[in-house]
Amino acid sequence: MIIQQAPPEWRTTHWFNTPAPLSLAALRGRVVMAVAFQMLCPGCVAQGLPQALRVRETFREEDVAVIGLHTVFEHHDAMTPISLKAFLHEYRIAFPVGVDDPDASGPVPKTMRAYELRGTPTTLLFDRAGRLRRHAFGHVPDIQLGSELMALVKERDPALIGEATPASRTCTPDGCS
């Protein structure tokens, strides 16, 4: 699924493991895998974060940016940025992690609300042009995620690299040009 409109920018209050705050716009040109998680979420600790670490180890940083979004919608007092800092150290999570901006009007933080996340873990995949291409709640099997990421890495976006558009290509039974 390709969502043509620009996805909302992340709304964060703190960043860890990066010298400056990150944005989707700043990551344009790379595939982005964002994993929304909570440090007290069993599925996040057992599946979502280890999977993000495997993706980070497998793909080149120039091709795939792995980003964590700590989206706290329950147990707010226990999951503070100070607690998160210790958690990231203990679990050796070195990829950038942003803290979703709490919303004063309710328990669901702003980025979580903007992306209509149903819970954690949630995986968001963005193509090199910054379009949201995958929005998956729960566990995505490694082989499926790897296949989707590789397809996005290998995908050529004519708008980004100046190639002829697919519509201008001609194909015959002997091949395409």
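The values are calculated or read from the model by the stated rules, or taken from the named source; none is laboratory data. Because the structure is predicted, anything quoted here is derived from the model rather than measured. Positions of Cβ are backbone-derived with ideal geometry, glycine not excepted, and every protein chain shown enters the neighbour counts.
Does GLU163 qualify as being of a type outside the set (A, V, I, L, M, F, W, C), modelled with pLDDT of 95 or more and loosely packed, with under 15 Cβ neighbours inside 10 Å?
Against the criterion (of a type outside the set (A, V, I, L, M, F, W, C), modelled with pLDDT of 95 or more and loosely packed, with under 15 Cβ neighbours inside 10 Å), GLU163 does not qualify.
Give segment 28-75 a look and list any residue that's part of a loop (DSSP other than H, G, I, E, B) and in contact (Cβ under 8 Å) with a residue 60 or more places away in the chain, or say none.
ARG28, GLY29, ARG30, GLN38, CYS41, PHE59, ASP63
In this structure, is ILE93 of a type in the set (A, V, I, L, M), over 17 Å from LEU53 (Cα atoms) and out of contact with any strand residue (DSSP E or B) (no Cβ under 6 Å at 6 or more places or on another chain)?
Taking the combined requirement at face value, the residue does not satisfy it.
Just for segment 93-115: of the residues that are in a loop (DSSP other than H, G, I, E, B) and without any contact (Cβ under 8 Å) to a residue 12 or more places away in the chain, which one is surrounded by the most Cβ atoms within 10 Å (Cβ to Cβ)?
Only one residue fits best here, namely ASP103.
Across segment 18-27, what is the total count of residues that are surrounded by 15 or more Cβ atoms within 10 Å (Cβ to Cβ) and outside any helix (DSSP H, G or I)?
Total satisfying the criteria: 2.
Please determine, by comparing only the residues of segment 1-16 that are in contact with a Leu (Cβ under 7 Å, 6 or more places away or on another chain) and under 23 Å from PHE73 (Cα atoms), which one is modelled with the lowest pLDDT.
So, considering only residues that are in contact with a Leu (Cβ under 7 Å, 6 or more places away or on another chain) and under 23 Å from PHE73 (Cα atoms), the one modelled with the lowest pLDDT is PRO7.
Residue under question is PHE87, and the condition is that it be at negative phi, in contact (Cβ under 8 Å) with a residue 24 or more places away in the chain and assigned to a helix (DSSP H, G or I); does it hold?
Yes, satisfied.
Conditions (1) under 17 Å from PHE126 (Cβ atoms); (2) modelled with pLDDT under 95; (3) of a type in the set (A, V, I, L, M), marked per residue:
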| site | (1), (2), (3) |
| --- | --- |
| LEU40 | no, yes, yes |
| ALA46 | no, no, yes |
| ALA65 | yes, no, yes |
| ILE82 | no, yes, yes |
| HIS89 | no, no, no |
